[in-house]
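Working notes, structure below.
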Amino acid sequence: MSNGIRVTIWNEGVHEKKHETVRKVYPKGLGAPIAEYLQKQPGIASVHISELDHEQQGLTDDILANTDVMTWWGHMAHDQVTDKNVERVHQRVLEGMGLIVLHSGHYSKIFKRLMGTGCFLKWREIGEKERLWVVDPAHPIAEGLPEYFELEHTEMYGEHFDIPQPDQLVFISWFAGGEVFRSGCCWHRGQGKVFYFRPGHETFPIYYNENVLHVIYNAVKWATPSGVKTIVRGNTKPLEDVKTQP
Ligand code: ZN
């Protein structure tokens, strides 16, 4: 890590290829503006974009071994990600790789696997306003943000969001239609850290928004592997001279 954080942006990349309306918003794909932003930030060593139609779905051993933090955006092709690849990403998270799940990634196989719950929610696509409130202002993911920020036109996600209680909750969204949503949630899984961040939809230019990009960057830093070097598990000799029962 001393040389910086190696990021992989996993982007499903299907909407962009099928729909002109999506290409107009994201001509280089949904992952591109995120990658372009992260590349310019301090502490980022490399940013690689992986897509579903790449070799081994963009999840080769080499890519996984050389990723400190992965972001995940998927929607219409969740089922196409092979169970074997889900298992491999899951294993890397347990080993310490950070995972940032974006927007419709809430229903991806990897997120559902990590959460162990249904992960479903309410939704509505009429382009209404979203106001994201920071509810944990001292959290590293909130660093440098205003106390709230707004996205003028978004898809609504509403409670109840079927997730386990987050270890830390950083954002709550309010929508013009009246719903609220836990839109920035942190969990620990094994050695890895997982962050779910709600904004982002293929027909709205959400991933060009400065605050949204700033949150993703903060989350990448937060989710970077950290902590002790080695953990010993299994049957273990005592560290002290213990008087055992005769
Ligand atoms: Zn969406």
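Please tell me which of these pairs span more than 22 angstrom C-alpha to C-alpha: LYS40/LYS221; LYS24/LYS109; LYS112/LYS229; LYS40/LYS84; LYS28/LYS129? The pairs that break the limit, which is 22 Å between Cα atoms, are LYS24/LYS109; LYS112/LYS229; LYS40/LYS84; LYS28/LYS129. Site pair GLN56 and GLN80 shows an inter-label distance of 1.9 nm when each label is modelled 7 Å from Cα along Cα→Cβ. The order of VAL170, VAL135, going from fewest to most other C-beta atoms within 10 Å of their C-beta, is VAL135, VAL170.
The protection proxy used here, the mean number of other Cβ atoms lying within 10 Å of each residue, ranks peptides 37-47, 107-117 as follows, highest first: 107-117, 37-47. Taking Cα centre as origin and charging only the Cβ of basic (Lys, Arg, +1) and acidic (Asp, Glu, -1) residues, the dipole magnitude of the stretch 123-246 rounds to 860 debye. Between the residues THR236, ALA176, GLY192, the greatest Cα displacement towards the positive end of the dipole of the stretch 166-246, with unit charges on the Cβ of Lys, Arg, Asp and Glu, is found for THR236. The Rg/Rh ratio of the chain, with Rg taken over Cα atoms and Rh as the Kirkwood radius over Cα pairs, comes to 1.01. Sequence-distant contacts, meaning Cα pairs under 8 Å at least 6 residues apart, place the relative contact order of the stretch 163-219 at 22 percent. As a length-normalised measure over Cα pairs under 8 Å and 6 or more apart, the relative contact order of the stretch 119-246 settles at 22 percent.
Given R0 = 51 Å, the distance between the Cβ atoms of ASN66 and THR244 translates into a calculated FRET efficiency of 0.65. In the elastic network of the chain, a GNM with C-alpha springs shorter than 10 Å, the most mobile of GLY177, GLY158, GLY29 is GLY177. By the compact-protein rule of thumb, 2.2 N^0.38 Å, the alpha-carbon radius of gyration of the stretch 34-113 corresponds to a ratio of 1.06.
Can you grab the distance from the C-alpha centre of the stretch 1-65 to the C-alpha centre of the stretch 140-160, Å, no decimals? About 22 Å separates the Cα centre of the stretch 1-65 from the one of the stretch 140-160. Peptide packing for 146-155, 90-99 was compared via the average number of neighbouring C-beta atoms within 10 Å per residue; ordered from the highest value, the list is 90-99, 146-155. Note on the stretch 1-97: with charges restricted to the Cβ of Lys and Arg (+1) and Asp and Glu (-1), its dipole about the Cα centre is near 380 debye. Working note: 222 nm ellipticity from helices only, DSSP H runs with n ≥ 4, each -39,500 (n - 2.57), summed and divided by the residues of the chain, gives -6500 deg cm²/dmol to the nearest 500.
Comparing GLY74, LEU94, LEU52 along the charge dipole axis of the chain, the residue lying farthest to the positive side is LEU94, per the Cβ-charge model.
Charged side chains reduced to their Cβ positions (Lys and Arg at +1, Asp and Glu at -1) give the stretch 42-198 a dipole of some 380 debye around its Cα centre. Placing dummy labels 7 Å off each Cα toward the beta-carbon, the span from GLU152 to ALA176 is 1.0 nm.
None of the figures in this text is laboratory data; all of them are computed from the coordinates on show. The shown structure was predicted, so the numbers you read here are calculated from the model rather than taken from an experiment. All Cβ positions, glycine included, derive from the backbone under ideal geometry; neighbour counts span all protein chains shown.
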